[in-house]
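Contents: one structure, followed by commentary.
Just so it is clear, none of the values below were taken in a lab; they were calculated from the coordinates. No experiment lies behind these values; they were computed from the predicted model shown. Note: ideal-geometry Cβ built from the backbone for every residue, glycine included; neighbour counts use all protein chains shown.
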């Protein structure tokens with residue numbers, strides 16, 4: 001997770017070999033939750049999950065929350081727990097802006113305090129700053145903005161934009177005991193409406209604050225409109241009418257997003273469930289196909305052993321070994337473990 005343009009997708013592509021689209025500026029490319037292909041580190045399977053930022057250039061916080069929450073709820077219900085979360089922050093940013101504060105606040109509302117011990121805050125883009133400047137910024141981040149999370153067990157580490165660096169960060173996550181996030185517990189275990197979760201309430205607070213700000217703007221526009229009418233300034237009157245209409249439409253959109261958050265979340269959840277079902281069915285068919293192919297190969301090898309009585313002892317041993325390998329694959333079952341998933 002992290003702000004738009006913080007390098008989430010680039011990190012995933014570097015670590016997993018995926019080819020998710022990467023933005024070249026601060027416009028968001030990731031508008032959906034994306035799951036990378038499984039890859040292995042130290043013999044263990046790892047899944048990285050890419051999420052859109054709450055400062056998305058095209059989507060509201062309400063829509064982003066609905067998409068992330070639906071994915072997290074469905075995967076949790078299906079027995080998957082997160083091994084941890086990687087939160088990326090650009091060390092090249094000169095200031096920790098109000099948008100950065102809001103992003104990190106939403107992040108903490110999603111996680112909850114109890115899972116902050118499974119969080120790694122990653123500073124990246126070190127190549128864009130002088131070392132001493134970056135270290136001074138990182139110290140300020142650790143002592144002020146990230147301190148509440150660090151005090152509860154989160155780690156603060158560098159990413160040096162190399163595959164090895166990304167693997168080292170993932171290895172830290174792999175040591176964790178997987179645990180549910182606060183929003184997963186609220187939605188699934190406690191059965192809360194999304195608007196009543198900590199993250200949902202934060203989004204509604206933000207919407208209400210923006211509505212109040214727009215109300216102030218509308219009052220100022222009304223005052224200007226009165227002056228324009230009094231002075232018979234038609235050009236200014238037209239501009240004010242257009243601006244008033246624009247703000248009114250924004251306010252109406254915000255109110256609708258707040259009111260429809262629960263129904264939109266429900267729709268998004270159904271979509272995620274349908275997608276998960278398709279993935280499971282595809283995997284089932286692939287397993288059946290692989291099973292049938294293994295059975296066919298075993299039968300052919302056994303028939304070859306019966307026919308080829310003149311085969312050397314070495315040839316027969318090789319065929320028997322291959323039969324044994326294929327039979328082991330038929331008997332294999334998925335194994336549990338502490339691997340979990342890693343969300344970014």
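Assorted remarks:
- Looking at the range 8-192, the DSSP beta bridges with both ends there are about 40 percent antiparallel.
- Treating r as the C-beta distance of residue 132 and residue 152 and R0 as 25 Å, the FRET efficiency rounds to 0.30.
- Counting other Cβ atoms within 10 Å as a rough exposure proxy, the listed residues 162, 123 run 162, 123 from fewest neighbours to most.
- Here the label points at residue 212 and residue 247, each 7 Å from Cα along the C-beta direction, are separated by 1.6 nm in the simple model.
- Sorted fewest first by neighbouring Cβ atoms within 10 angstrom, 263, 114, 6 come out as 263, 114, 6.
- Potential lengthening of the chain between residue 305 and residue 236 amounts to 15.5 nm, from the contour at 0.36 nm per residue minus the alpha-carbon distance.
- The packing ranking, built from the mean of other Cβ atoms within 10 Å per residue, places the peptides 98-108, 8-18, 188-198, 61-71 in the order 61-71, 8-18, 98-108, 188-198, highest first.
- Of interest is the spacing of the C-alpha centroids, which for the range 202-259 and the range 284-299 amounts to 65 Å.
- Mean projected area of the Cα convex hull of the range 197-259, taken over all directions, amounts to 4.1 nm².
- For Rg and Dmax of the Cα atoms in Å, the value computed from the atomic coordinates appears in the list [x] 22.9, 70; [y] 20.3, 64; [z] 26.8, 110 under label [z].
- Spin-label proximity, residue 144 to the range 109-129 - amide N less than 16 Å from point 7 Å beyond Cα toward beta carbon: none
- Geometric descriptor of the range 8-192, per residue, is 120 Å³ (volume of the convex hull of the Cα atoms).
- Beta bridge orientation in the chain: antiparallel %, DSSP, nearest 5: 30 percent
- Per residue, the average separation of C-alpha pairs within less than 8 Å and at least 6 apart gives the range 191-262 a relative contact order of 45 percent.
- Taking N as its residue count, the alpha carbon Rg of the range 132-264 over 2.2 N^0.38 Å: 1.70
- The helix-only estimate of mean residue ellipticity at 222 nm for the chain, built from DSSP H runs of length n ≥ 4 each weighted as -39500 (n - 2.57), is -19000 deg cm²/dmol after division by the residue total.
- Residue 172-residue 255 FRET efficiency (beta carbon distance; Förster radius 41 Å; 0.05 resolution): 0.45
- Calculated P(r) of the range 58-141 - Cα pairs past 14 Å, %: 72 percent
- Using the Cβ-Cβ distance between residue 226 and residue 271 with R0 set to 56 Å, the FRET efficiency from 1/(1 + (r/R0)^6) comes to roughly 0.70.
- Residue order, fewest to most surrounding Cβ atoms within 10 angstrom, among 233, 93: 233, 93
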